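First the structure, in the form of structure tokens, and then the observations on it.
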Amino acid sequence: MIGKTLLIAGALISAPVASEGITWFESNSPLTQTHKHLLNNDLASMFSSLVEVWQLEDSSTLEPHLNDLLVQSFEVDCGKGLHSKQFPEWLKGVLVQRSEIQSPGRDAFRATVEVQANQPISNITLTRWVDKSISSDNSLERIRENQTGMVTYSKRYNINNKLAMGLYRIDIVNESNESWSSWLILGEPKTYMTVRWASKHNWQVEQNALLNPNCPLPKLNAAVYDYVDGTYNQVWNGSYESDYPQSLPLEEIDAGRYVLAVSMNHRRWQGKIIVEQTQIISKTYDVSVED
């Protein structure tokens, strides 16, 4: 609690002037309320005030400060208390993922919304306040169904740059024309761990900051794909939350040329919504008989 108080107190000292002779923390502005709610661990009210700040303020100089407040709130419960809005009976899960894909000579960015539902979904949209489409390149897919009839849908946006911090809106509509929507605040995430190539056959995991004990451990995924007739087919994958490997178990993979993708995934919540930040490195990878 002392650390949080000092962080917010420091932010108060450096806060901009709202009007002549009066600083913002002497008023009852949404930003003031955001600080007060965070100090009182009232995360749902803090989130509502933060949404209001994003709607009313139009200052790039304020964005880092708003991001600091959002990140600080994760120290309580990794974001689970930020929003109290429940899902309707037909909606079982929502995941928003921002991905940065690094391959030789090219970086790509992607935003994905995955929805689990027990009724057919007709549309999923992710827009930035106010009513701004994040990409015209998007597609809605039905990607899997489990034994209980729960279906997962995915809306993927390929974007030119990293999805910017700010206020977004998620809208989900089923085939009965019932809808569910929610505000979503995306900040500049703290990447506790990153992954990079260390050599031709090995990667290296680097820890850049102390982990948040209230959030799941960052998850490393490694997958090997074979490219056949214009389609990538996964031939091997592994997932790790600790004791991260730095190379493939070559004895489990037949000789050949593949695409290797290694990712580091950080997960938090916004109430019921899962928010993930994923870094992916990929390249072609040859497995020989000698290996």
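The values are calculated or read from the model by the stated rules, or taken from the named source; none is laboratory data. From a predicted model like this one, the values you see are computed outputs, not experimental measurements. Every residue, glycine as well, gets a Cβ built from its backbone with ideal geometry; the counts of neighbours run over all protein chains shown.
Overview of values
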item	result
Any chance L82 is in contact with a Phe, Trp or Tyr (Cβ under 6 Å, 6 or more places away or on another chain), surrounded by 14 or more Cβ atoms within 10 Å (Cβ to Cβ), modelled with pLDDT of 90 or more and of a type in the set (A, V, I, L, M, F, W, C)	yes
Subset of the stretch 113-162 [out of contact with any Asp or Glu (no Cβ under 9 Å at 6 or more places or on another chain) and surrounded by 15 or more Cβ atoms within 10 Å (Cβ to Cβ)]	V113, E114, V115, Q116, A117, R128, W129, I134, S135, N138, L140
Strands (runs of 3 or more DSSP E) within the stretch 134-179 that include 1 or more residues modelled with pLDDT of 95 or more and out of contact with any Gly (no Cβ under 7 Å at 6 or more places or on another chain)	151-159, 166-174
Test: residue in the stretch 191-210 that is outside any strand (DSSP E or B), within 22 Å of R98 (Cα to Cα) and of a type in the set (G, A, S)	yes
Among residues of the stretch 45-58, those that are exposed (fewer than 14 other Cβ atoms within 10 Å of the Cβ) and in contact (Cβ under 8 Å) with a residue 12 or more places away in the chain, counted	2
